[in-house]
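Below is one structure, written out as structure tokens, with a few remarks after it.
Just so it is clear, none of the values below were taken in a lab; they were calculated from the coordinates. Here the structure is a predicted model, which is why all the values come from computation and not from measurement. Backbone-built Cβ (ideal geometry, glycine too); neighbour counts: all protein chains shown.
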Amino acid sequence: MDFLRRYRRDKVGAYFGAILLLLYGVALTAQWITPADPMAINLNEVFAPPSWRHWLGADQFGRDILSRVILATQVTVKITSAACIFAVLTGVTIGMFAGYRGGWVESAAMRATDMLLIFPIIMLAIVVVVVAGPTETGVIIALGLAQAPQFIRIARGVTLSVKEELYVEAAIAAGAGRAHILAHHIWPNISTPIIVQATLTLPVLVLNASALSYLGLGVQPPTPEWGQMLNEAKDHLITAPHLIVGPAAALVVFVLSANLVGDAVQETLNPKLKKQK
Amino acid sequence: MNADDTLLDVRRLRKYFPVRKGALQRRVAQIKAVDGVDLTIQYRETLGLVGESGCGKTTTGRTILRLIEPTEGSILFRGRTSDRDDGEAMIDVATATPAQVKLLRRDMQIIFQDPYSSLNPRMTIGEIAGEPLKIQGLMTRSEREALVLDLLRAVGLSPDHARRYPHEFSGGQRQRIGIARALALRPQLVVADEPVSALDVSIQAQVINLLQDLQEQFGLTYLFIAHDLSVVKHISNRVAVMYLGKIVELAATAELFGNPKHPYSEALMSAVPVADPDFKAQRILLQGDMPSPMNPPTGCHFHPRCRYAQDICRAEAPVYRAVGDSHFVSCHRADELSLRGLRSS
Amino acid sequence: MGDGAPLIEVKGLKVHFHTEDGVARAVDGVDFTIAPERTLGVVGESGCGKSVTARAVMGLIEPPGRIEQGEILLHLRDKVVDICRLDPRGREIRDIRGSEIAMIFQEPMTSLNPVFRIGDQIVEAILLHGGMGRSQAHERAIELLDAVGIPMPRQRFESFPHQLSGGMRQRAMIAMAMSCNPRLLIADEPTTALDVTIQAQVIDLMNALRRDFNTAIMFITHDLGVIAGMADDVVVMYSGKIVESAPVREIFHNPKHPYTQGLMNSIPSLAVWGARRLKAIDGVVPSPFAHQQGCRFAPRCSHAMEVCRARSPELLEAAPGHSAACFLHQAAP
Amino acid sequence: MTKLIVARLLFMGPAALLIVTFLFALFHLIPGDPAVMLAGDNAPRAVVDSIRQAYGFDQPLHVQYWRYVTKVLQGDLGISNYTRDPVIDSVFPRIVNTAQLAILSMLFAMTVSLLLGCISAMYWNRPLDKIVTVVSLLGICTPVFVSGLLAIYFFSIYLGWLPISGMSSWRHFILPVITLGALQAAMLTRMVRSCMVDALGKDYITTARAKGASEFLVVFKHALRNALLPIITLFGLGLGHTLGGSVVTETIFNWPGLGRLMVNSILTRDLPITQGAIFFFSMIFILVNLVVDLIYAWVDPRIRYD
């Protein structure tokens, strides 16, 4: 409650938070709110320009673009949320364990993470797609794995710093074992930075998911995805430039809102940062 | 002094920290943080341990509690070895099993310097003060809560503070909370590691008075670690002076300050600024800095900065020995030098 | 205080910090003077506004801090300037900083720039004001390093800050501050981060330098012992205000304000024998955000009267050269 | 310092081996018979069998592995499933094209971000800073395949000023370099600014001001020289990101680079080419990282003189 109250002080964050909520609402109810069937091919309306019937026009198969954008929102939200959860779970588990255990386990985990961090996220995702195939699960694992190193680093970093806190030493001095310290001291301190990182990761995931699908390595047609729609639109850029408007706008607005919400969450949870910035 | 009054008897305690470097984490050197410390603490006394930063006083305190594993030496403590034990026998903390250590924790506790990092910001004051009881699995929840309220009262806080969080409190109040936590298990020995040095001047006195009152009330024994000589002199029955991992001098407070036998003690006392503009101390300025404990000087560790140093000091390490009634010193020239202490006025 | 023209006159200075949590009245009406070649000790606990006052004198108040009121008059050879009126990034104040007024800080670890050589940092200070060539400045820097007791100054010129010990770094800071013969040196807790034997070295050095350079010093500390050994005059600050001001002997032998008295009684002293119980001041230091009527010390004061809670006492002379902001020493209004 | 260089160079060996191991594992990680995959789906049985023997897929794993590693060490990454040319021959020219694109974009991004980041920090919390912040935020929210398409539509189709795709003249470079560079510039500006704001909050900045140093000296000497340390790391990561982004950019502008080759090989299931592309991309990343580490160590006196 205190979080919401403080968050609302940030005007920009509040407005874009509302937009982001709206987009999530659209994603959750996509099946019911599309004005037309997003898959229905209608060869009479190929490249139809925007009109009352098709607000954003129709594509090369005469499918309603607005409906496809709405369905694509659902696809994107589903994939990125799953990838985010995947990244958080693997990252926190490995990071916390490595940080607390120390020794060679930590060195090995951190060497591997450093190696992964050298590679740009999109590259890692591409490599995983090579192995797992361009299926929905494949994309989720690809995006999630590519983000996991960030969470490993944060979880390990917090674990290491909390481990050095005097209150942990006080608990050890009272006879506490590893389980007590992980559960009562380290875990509660990890949650905040992880939530912050997760919100900051969300726009990156969205961008990478649509980049993969732009390259044809993401969700496969006919399921719509913004990147893939833009890729198709590119082939008709001369004849039907309006095809790019819908998916491009949806993508940029989503990413922008997610970014601003991420910044606002970070500032709300870490007031210290704000004083610096 | 009666041997039976000994609560803690530390012998030849050493703690060396390895310095690792490179990809393979090879050990390239070691920091001799504690390098052969002998001391005893009697029931209900306060032993002050003074020295400058890096002299190993904090490591000594932590090692005695086995928060840091000792490299060598024994830490004999009169404590319980099982749940039913009355704690009459001496047990070596250095070699105790994990289960024994957990039991010993009920008898030896610690108070920290930093009142900010020592309280978990996500726990209430009540939870913090009661945590040791929870960890030890003593008492039911309601018994614990009742005891916590008593503790808070004992350290001068109000019982309704129990539900609040650390950030609502000032440094001095936080230090009281830390003290309440240390007392929750009713320990015999409390290692107080610079408990007032992070506090404002006007608050220090409150906490010092509180520590003295609690000692009276609970029959506590303190190992009081500090760099501030005035505070140590005020609170301690006996004082040990540490330099570069070794105790260089140990004696009853009045004896040590009035009749120091080690040149370092003498210099340290003369360096302390006295709050009296007419007090014209003859400063003995030590040259240079304390050497690195990674690479201590030969012979007596203090000789490069000592104005009385002779050839023997550079060549041989002095023996830590008794020079008077319970006055121990580690200096080749202790008998011949006449050093200046603080005159009693 | 001393005869003749003062060096610095601070009048009615108020510095407030406008933060999200409210307005912190860090300095809330402060008056004092520093005479040439005298050392003024400023004592107070954390948050009393002593460091902010020092920064205001340097013209270094940055947002969210703001000088709300008052003037800081610096008496130059030919004119008097009010530092409060100068643009904090402007030419005029920059010509004063470093050359007329220099400053050293509490943390010698962080106040030197880690990526530049010690010597070059001193040379920079000289070049900014000195009117010297680079090679001359280089020689001067080595002289200064020698003067502050850094062994092998020629080699140490080439060192980076991380290669020196804390005490040596503070000496290097002092060398930099003294490089242009400032008329006032502001020392903000310069020995607090140092060990007691190193602190003694640095104090000894500062005492020697002030004789050699004829510099006035504004020495800020919470340590009464250090003040007793260094200061000519003392002001005691509490919660953004000066509560007492007097020559050093007066302050220590005849403290008038209950807060000053409380401080004196609450510290254990090496000079006192026998285990007396310390007389602690009850309560906590007030938050600078709290706006409170009357004397700020009243809630902790054992002599507090009704008037203390109603009105804020002014800093008035209670004896010749000795002022206190306390109704105990003022005729009832 | 020399020690560090040696240690870092030694690190490259195991890293390269790890990558080769991964590439080898790809044969078996990807579902299906690797021999069939290499021969093509409709290849006659005899061809499949001969490939199986040539690669030794019928041998025990360690024998296969050893054979693969020795071959890669000799520069033999196999032959393409489609063109039947050695992988090395298809990959090498592509590396140069990608390097041109990435380096030019990165130079653009570094210049812009250093300039904007410093200005933003200098005018912290003032209108100029806010404008830079908003623009860079919009920049990081616009992926290359959106800005690229818009740029193509506007400059190439609508105005007809610049070519749509290919890389045959300097005019072909403009759009790809700027679209890719702008995205990096946006990301880096934000980070440069925050490094600078961070550095400007340090005690030694107060010391510099207390000396009487001008604001220009304070920002561009004292703060920038310190902020440079994290900024070097950021630029290193930025170069990595630029290479990653080049995959998409090359696809948009039909740039004959390594990235497009890689994507096409995945879509056409041309495993040897994919392996070759991954191998060279990885080696480039490791090399970039190495160079960044060394520059960092050289710039930081705490590492350099220790």
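Results, tabulated for the structure shown:
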| quantity | calculated |
| --- | --- |
| 222 nm mean residue ellipticity, helices alone, for chain A (DSSP H n ≥ 4; -39,500 (n - 2.57); rounded to 500) | -24000 deg cm²/dmol |
| Low-density loop positions, trypsin sites (Lys or Arg not before Pro), the stretch A:156-189 - DSSP coil, at most 13 other Cβ in 10 Å | none |
| Helix axis angle, C:134-147 relative to chain C longest principal axis, alpha carbon, degrees | 50 degrees |
| Rg over Rh, two decimals, the stretch D:32-76 (C-alpha only, Kirkwood Rh) | 1.02 |
| Residues of the stretch C:15-39 with amide N under 15 Å of a point placed 7 Å along Cα→Cβ from C:ASN207 | C:39 |
| Cα centre as origin, Lys/Arg/Asp/Glu Cβ charges: the stretch D:32-76 dipole, Debye | 120 debye |
| DSSP loop GluC sites (Glu not before Pro) with at most 13 other Cβ within 10 Å excluded, longest remaining stretch of chain B | B:89-315 |
| Compactness of the stretch D:2-120 as Cα Rg over 2.2 N^0.38 Å, two decimals | 1.52 |
| Cα-centre dipole for the protein assembly as shown with unit charges at Cβ (Lys and Arg positive, Asp and Glu negative), debye to 20 | 760 debye |
| C-alpha center-to-center spacing [the stretch A:11-26, the stretch B:171-204] in angstrom | 48 Å |
| Per-selection Kirkwood Rh - chain C (Cα, Å, 1 d.p.) | 21.0 Å |
| Average projection area in nm² (convex hull over Cα atoms of the stretch C:111-181, one quarter of hull surface) | 4.1 nm² |
| Residue-averaged [θ]222 nm for chain B, counting only DSSP H segments that reach four residues, each worth -39500 (n - 2.57) | -8500 deg cm²/dmol |
| Sites D:LYS3 and C:GLN155, calculated FRET efficiency, Cβ-Cβ separation with R0 22 Å, nearest 0.05 | 0.40 |
| Diffusion constant of chain B at 37 °C, which comes from Stokes-Einstein with the Kirkwood Cα-pair radius and 0.692 mPa s, µm²/s | 153 µm²/s |
| Sites A:MET39 and D:LEU267 - FRET efficiency at Förster radius 25 Å, r taken between beta-carbons, to 0.05 | 0.60 |
| Extent along principal axes [Cα atoms of the stretch B:198-345; Å; largest to smallest] | 50, 37, 33 |
| Euclidean distance between Cα centres, the stretch D:129-179 to the stretch B:250-299, Å | 71 Å |
| Label zone at B:ARG153 (point 7 Å along Cα-to-Cβ), backbone N below 18 Å, the stretch B:166-199 | B:177, B:180-181, B:183-186 |
| Inter-probe distance in nm under a simple model that places probes 7 Å from Cα toward Cβ, at C:HIS253 and A:TRP32 | 9.0 nm |
| Dipole axis of the protein assembly as shown (+1 Lys, Arg; -1 Asp, Glu on Cβ), positive-most option in C:PRO36, D:VAL299, D:LEU10 | D:LEU10 |
| Over chain A, equivalent-ellipsoid semi-axes from the Cα gyration tensor in Å | 42, 22, 14 |
| For chain C, built as a Gaussian network whose Cα springs stay under 10 Å, the top-fluctuating residue of C:PRO255, C:PRO268, C:PRO36 | C:PRO268 |
| Sorted peptide list for A:20-32, D:85-97, criterion being average Cβ within 10 angstrom, highest first | D:85-97, A:20-32 |
| Cα centre as origin, Lys/Arg/Asp/Glu Cβ charges: the stretch C:139-247 dipole, Debye | 240 debye |
| Hull shadow area, averaged, the stretch D:75-180 [alpha-carbon convex hull, nm²] | 9.8 nm² |
| Label-point separation in nm, B:SER170 to D:PHE216, each point 7 Å along Cα→Cβ | 4.9 nm |
| Theoretical FRET efficiency, 1/(1+(r/R0)^6), r = Cβ-Cβ of A:ARG9 and B:ARG163, R0 25 Å, to 0.05 | 0.45 |
| Crossing angle, helix A:103-118 versus chain A [Cα axis fit, 0-90 degrees, rounded to tens] | 30 degrees |
| Helix axis angle, B:201-218 relative to chain B longest principal axis, alpha carbon, degrees | 70 degrees |
| Chain A: relative contact order in percent, alpha carbon pairs under 8 Å with at least 6 residues between | 24 percent |
| Of every Cα-Cα pair in the protein assembly as shown, the percent that sits beyond 56 Å | 31 percent |
| Hypothetical label at B:ARG44: residues of the stretch B:145-189 whose amide nitrogen lies under 17 Å (7 Å Cα-Cβ projection) | B:187-189 |
| Options A:LEU202, A:LEU237, A:VAL265, ranked by Cα towards positive dipole end of chain A, top entry (Cβ charges) | A:VAL265 |
| Spacing of the two label points (7 Å from each Cα toward its C-beta) at C:HIS291 and A:ASP114, in nm | 5.5 nm |
| Order of B:ASP213, A:ASP64 under a 10 Å beta carbon neighbour criterion, fewest first | B:ASP213, A:ASP64 |
